[in-house]
Structure formats: structure tokens, C-alpha cells
Amino acid sequence: MTKIAILGGGGWGTALAIVLSRSRRPHETIRRDCENKVYLPGSKLPESVRVHSELEAVLSGADVILGAIPSAHARKVYSAALPFAAAGMSFVSASKGLEPSTHLRMSEMIAQVVSPKIAPRIAVISGPSFAAEAARGEPTAVVLASRDAALAAELQEEFAGPNFRLYTNDDVLGVELAGAMKNVMAIAAGACLGLGLGSNALAALITRGLAEMARLAVARGARPETLSGLAGLGDLVLTCTGSLSRNRFVGIELGKGRSLREIMANMRMVAEGVNTAAPLLALACEHQIEMPITEQVDAILHAGKSPKDAIRDIMERPLKRE
């Protein structure tokens, strides 16, 4: 039986442990209670899941290393895991963000960290998937992307479960960029709601947000159809409209007038979009791509701009063709 080691004890890491255990016939309190009461209360861990706080114990004998780590901390975790990595291991990233300091996608960062020791087989998982719903066994469909077709097929078969469906894709770049960009759009969507705006504004935001995402992704070499699939449109709709979205929550609170520092101080889980807007703008600048929504979100997050002023500036941009 394939041994899967999951790095990351947050909501998504815990949910993946539960979901993947179903397809195969996680600090001390989690091990004792068989439940992650901080990040995913109410979802019991199956007996087949073992929880360890030491990397060596987690990685010993593992065939697949599945990382569900905030992108800002991922390099540190993978670097710490490197001494226990062995030839033949596969690395799967379930993180949706860019490394803030380097602007690297997670698959690029993993390759950079691991390649000096072994030639890693790398894949990524993305798509519309709230942890709590997946853990409850609600039907969930995601994308498993890898340039290694054999690895993608192996993992698709290994990870698939009764209510967890995976579609393969070889456009790793498009899948990862979409997963990062949609978080920024969700902050914008939340800000619209926090300001009391209605469905017209939200629909326009999602539609123009998708166009913005596609411009950058295609300029970087992604396929347009990836952005219209689960990793793009699917995840964008979910995170912009779903009440479980952390990034949407941040936007709502910003729209209500709360400061980012205050919001973040009271959040246990990470909202990836907060650290992703600036790296995305840097990538856009490299390719001379306009990203007006991302630009305004970054100004709200890091320059103290009010959401109301940001909305006004977007609406007053020069008129143009769709």
C-alpha cells in the first residue's frame, strides 16, 4: 500500500488526510482526540491516519509527500524535510499561492529545494475545495496537474475516492497561477460585500477577475482553457461566493472598515491572497500585463487605500472593448 505523508496540520491538510484515507480502505491533541479541533472541528480522523510532530517519523517509508502548507512557510518545511527525502518519492503540492520573496510557484520552489539531492517527481492539486465540505464527504472535484503523465495517472488512481474526483492536467503553470490569483479576487469580492454592494458588482468582479487571471496566465505560457476549468473558474466562483472562504472574509472585513492588522490578528488560518497580490503585480509588470483589480487589492492591503476609493477607481478607468 502506498504511504502518503502529509505536511501541514491546518484545515486542508487535515481534510486531505480524511479524504485520502477513504480512498484507501495527524501535534499531541490531534493524536489524542483524533480530531483537529482548532482548524477542522467536528471531522474525526480515521484509524488509518497517524499523527506525528517529528518529520522523520512522518516521512519514513513515505512514497508520496503531500504538502498543504502556507506558501510563505513552504520552503522552510520542505528544506527541513529534505534530509529524509529518498529517491522515488513523489511530491504533491496542495498550497495555493506564490512564495512572497521569490515569486516562485510551489512546484518551482519544491524542485529548487529537492533537486540537489534527488530528481523529484512533482504534481499539484488545486480546484474548488473547501476543507470542511471535503472532510464531511461532500462531492468534490479537483485538478491534479503534472508534466509527468505517468505520475498524474498514478496519483489520480491513488487519490480518487467515492466523493473525491480528480481530473488530470499537464498545464502545471496555469493550474498554480489560477490557484494563487483567485485568492486575490476573493478579497476584492469580499470587499464588495463588506461595502454593501449587490449581485451586479459581484458578477462583474468575478467575470473581469477571470479575464485578468487569464491575461497573466496566458502571457506566462499557460493554456486559456485551464482558466475556464476547475482550477480557474471553478475555484474563483467558490472562493468569491462561499461563506467558508478565508480570503473573502478578509475582504468583507476590510469593506466594513476594519484594518488588515486587526483582521489578521484574529484569524487562526492563513488567507493566501494577502501575501499574493504583490508578487502577482511583479509578474504582471514583467510581461506588461494590466491587472487593475489586483492592483487595487494590493493598494487596499498594503497602502491603506479605502475599498470605496478602490471600487471608484476601477469604475472610472477608461472605457474599452470587452
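Within segment 189-261, which GluC sites (Glu not before Pro) sit in a loop by DSSP and count at most 14 neighbouring Cβ atoms inside 10 Å?
none
Past 29 Å, Cα to Cα, is the threshold; run Lys256/Lys320; Lys3/Lys96; Lys76/Lys305 against it and keep the listed order. Intermediate results must be reported in sequence, preceding the final value.
On the way: Lys256/Lys320 31 Å; Lys3/Lys96 23 Å; Lys76/Lys305 32 Å.
Result: Lys256/Lys320; Lys76/Lys305 exceed 29 Å.
Whose amide H sits under 5 Å from the amide H of Leu104, counting only residues 5 or more places off or on another chain, with H placed in the peptide plane?
Residues meeting the criterion, in which the H sits 1.01 Å from N, are Glu99.
Values quoted throughout were computed directly from the atomic coordinates according to the rules given, and no laboratory measurement underlies them. Note that the structure is predicted; figures quoted are calculated from it, not measured. Glycine also receives a Cβ, built like all others from the backbone with ideal geometry; neighbour counts cover every protein chain displayed.
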